[in-house]
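**Student:** First, the structure itself, so that you have it in front of you.
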Amino acid sequence: MARSKQSHRDSAGKTFEDYPRPSVAVDTAVLTVVDDRLCVLLTLTNDAARGKAAEQWRLPGTFLHDGEVLADAVRRSLREKAGVEGLTPSQLHVFDDRTRDDRGWVLSVAHLAAVRSDRIPLTDRTRLVPVEEVGDLQYDHKAIVNFAATDLRDAYRRLPDPGHLIADAWDGEPPGAFTIRELRRLHEAVLGETYNSDTFRRSMLPSLAPTGQWRKGARGKPAELYVRA
């Protein structure tokens with residue numbers, strides 16, 4: 001005779017079904033640099049796009065589907081909401097305020113992805129907005145943007161281009177090569193700060209490897225090329 005399956009009970013004598021279950025969502029802050037400013041990707045809500053609601057913008061996100069893992073939900077939301085593929089966002093923080101979503105109890109597992117702007121196909125349903133100019137967004141998406149920007153900026157204060165946002169090297173140069181000036185301009189854009197060129201150079205050199213090649217620009221003396229060590 002088959003043994004009946006018994007529900008697990010915890011130390012309080014309760015089963016899993018005895019506890020309330022929130023919905024789980026994923027929201028991703030896709031950060032990039034445009035015109036020397038750190039920007040975030042926003043998407044137009046479905047109802048607004050269909051003309052059923054006032055224009056509203058938010059981070060690309062979705063609810064976790066049955067049998068789906070978080071990473072798959074993130075990739076699906078980026079593909080379907082923003083047309084962005086090939087990213088590997090990292091988990092950032094769980095936003096769990098019971099009042100964050102007026103539709104019900106929803107936990108958001110926020111993610112962060114840094115990507116060059118040329119990998120973001122902009123449409124009439126997507127836009128890149130400087131993080132300092134993000135206005136009120138649905139739910140707590142503005143808090144997610146601020147959290148993500150702080151996290152990325154902390155990384156840029158310690159490392160040379162951890163988000164791999166520098167443009168491709170010129171033809172004939174080693175892959176991933178850049179000049180110190182290019183690196184400094186990128187860091188200034190991400191951080192919104194101005195660096196002394198000599199101080200910045202000294203702080204970054206321990207994390208860089210010289211390529212032995214130089215870039216000759218249209219004006220000025222040739223600049224040495226480096227890659228991340």
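**Student:** Quick one: Kirkwood hydrodynamic radius for segment 178-228, alpha-carbon pairs, angstrom, one decimal?
**Tutor:** About 11.6 Å for segment 178-228.
**Student:** Let me ask something else about it. Convert each backbone phi in segment 55-60 into a coupling constant with the Karplus relation 6.51 cos²θ - 1.76 cosθ + 1.60 (shift: θ = phi - 60°), then list the ³J(HN,Hα) values in order as whole Hz, x for Gly and Pro.
**Tutor:** Result, rounded to whole Hz: 4, 9, 10, 7, 6, x.
**Student:** Which whole-number percent is the relative contact order of the chain (Cα, under 8 Å, 6+ apart)?
**Tutor:** Dividing the mean separation by the residue count of the chain yields 19 percent.
**Student:** If you restrict to DSSP beta bridges whose two residues both lie in segment 22-158, what percentage is antiparallel, to the nearest 5?
**Tutor:** Beta bridges within segment 22-158, antiparallel portion: roughly 70 percent.
**Student:** Taking the inverse of the average 1/r across all pairs of different Cα atoms in segment 22-158, what Kirkwood radius in Å do you get?
**Tutor:** 15.1
**Student:** Suppose we keep just the DSSP beta bridges with both residues in the chain; what percent of those would be antiparallel, to 5?
**Tutor:** Roughly 75 percent of the DSSP beta bridges within the chain come out antiparallel.
**Student:** Pick out, in residue order, every one of the GluC sites (Glu not before Pro) in segment 126-219 that is DSSP loop and has at most 16 other C-beta atoms within 10 Å; say none if there are none.
**Tutor:** Glu193
**Student:** Next question. Label-point separation (nm) for His8 and Gln213, each offset 7 Å from Cα along Cα-to-Cβ?
**Tutor:** Distance between label points: 5.5 nm.
**Student:** May I pose another question? Report the calculated FRET efficiency for Glu55 and Ser23 (r = Cβ-Cβ distance, R0 = 22 Å), to the nearest 0.05.
**Tutor:** 0.30
**Student:** Now, a different point. Separation between the Ala143 and Glu224 pseudo-spin-labels, each 7 Å from Cα along Cα→Cβ, expressed in nm?
**Tutor:** A separation of 4.7 nm, rounded to one decimal place.
**Student:** Determine the gain in length on full extension of the stretch Ser90-Arg76; use 0.36 nm per residue of separation and subtract their C-alpha separation, reporting nm with one decimal.
**Tutor:** 3.6 nm
**Student:** Then there's this: At 10 °C and a viscosity of 1.306 mPa s, what translational diffusion coefficient does Stokes-Einstein give for the chain, taking Rh as the Kirkwood radius over Cα pairs? Give it in µm²/s as a whole number.
**Tutor:** The estimated diffusion coefficient comes to 78 µm²/s.
**Student:** I've got another one for you. Could I have the simple spin-label model distance between Val69 and Arg181, label points 7 Å from Cα toward Cβ, reported in nm to one decimal?
**Tutor:** Here the modelled spin labels are 4.5 nm apart.
Read the figures in this text as sums done on the coordinates, not as results from a lab. Please read these numbers as outputs of a predicted model, since none were measured by experiment. Cβ sites come from the backbone with ideal geometry, for glycine too, and all protein chains shown count toward neighbours.
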